[in-house]
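Peer 1: Right, I'll just put the structure down here and ask away after.
The values are calculated or read from the model by the stated rules, or taken from the named source; none is laboratory data. These numbers were taken from a predicted model, which means no experiment stands behind them. No Cβ is skipped: glycine too gets one built from the backbone with ideal geometry, and neighbour counts run over all protein chains shown. To get the accessible areas, we keep the full protein, side chains included, count just its heavy atoms, and leave off ligands, DNA and RNA. Shrake-Rupley method; radii C 1.70, N 1.55, O 1.52, S 1.80 Å.
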Amino acid sequence: MTSAAALRCIAVAVLLATTLASQVRLSIDEHWTIDGRPAMVPAAFEHTLGVGFDGAATYRRGLTELRGVDAPTVRLEFAAVATHATVRCNGVVCGEHLGGWTPFSIDLSGHGRRDGSDTIEVVVDERVGHNTQGFLPVIQPHFGGIWQS
């Protein structure tokens with residue numbers, strides 16, 4: 001390896017270390033509402049809405065964790081949501097994801113007021129029969145919701 005290549009590698013390593021060290025990760029698990037009813041996350045929304053529920057439901061919670069955050073980028077990360085998720089911050093759609101088994105993140109930058117009054121909504125449609133559910137509905141009852149952190 002040439003000395004110029006070695007210096008580039010060191011520069012990239014320093015940049016990554018600085019970037020990762022400046023990140024703050026907060027959990028927003030636990031207390032949400034689903035269609036106005038108290039609910040816990042992570043959990044399938046059938047825990048709150050009943051095992052006979054099929055369709056779409058809206059998760060909602062305050063996002064007071066953004067109060068005073070001065071980071072230029074704010075992302076909301078999900079380990080898994082079944083099956084189609086539409087994420088809104090303060091009523092503005094910030095992104096969507098289809099697939100009940102894969103992690104994803106939504107960029108909230110520019111949508112938060114960061115004064116303690118922010119709200120987040122995740123409209124989840126379990127899309128019974130959609131091919132992203134794979135074979136599971138064939139062998140076990142379906143489920144939907146923010147079922148992972």
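Peer 1: Keeping all protein chains in place and using 1.4 angstrom, which order do Phe143, Phe104 fall into by accessible surface area, from largest down?
Peer 2: Numbers: Phe143 45, Phe104 25 Å².
Sorted by accessible area, descending: Phe143, Phe104.
Peer 1: Assuming 0.36 nm per residue, please report the length gained on full extension of the stretch Asp54 to Asp115 beyond their Cα-Cα distance.
Peer 2: Values: separation 61, 0.36 × 61 = 21.96 nm, distance 3.61 nm.
Gain in length upon complete extension: 18.4 nm.
Peer 1: How much length is gained on full extension from Asn90 to Asp35, taking 0.36 nm per residue of separation minus their Cα-Cα distance?
Peer 2: On the way: separation 55, 0.36 × 55 = 19.80 nm, distance 1.64 nm.
Extending this stretch completely gives an extra 18.2 nm.
Peer 1: If you take the alpha carbon radius of gyration of the stretch 72-115 and divide it by 2.2 N^0.38 Å, what ratio comes out, to two decimals?
Peer 2: On the way: Rg = 10.9 Å, N = 44, 2.2 N^0.38 = 9.3 Å.
Dividing the Cα radius of gyration by 2.2 N^0.38 Å gives 1.18.
Peer 1: Ranked highest first by the average count of other Cβ atoms within 10 Å around their residues, in what order do 64-75, 30-41, 81-92 fall?
Peer 2: 81-92, 30-41, 64-75
Peer 1: Now for a separate question. Could you give the length gained by full extension between Leu98 and Asp70, i.e. 0.36 nm per residue of separation minus their alpha carbon distance, to one decimal place?
Peer 2: 7.1 nm
Peer 1: So for the stretch 39-123, averaging the separation of alpha carbon pairs under 8 Å that are six or more residues apart and normalising by length, what relative contact order in percent results? If you can, show how the numbers build up before the last one.
Peer 2: Details: 150 pairs, mean separation 31.8, N = 85.
Answer for the stretch 39-123 is 37 percent.
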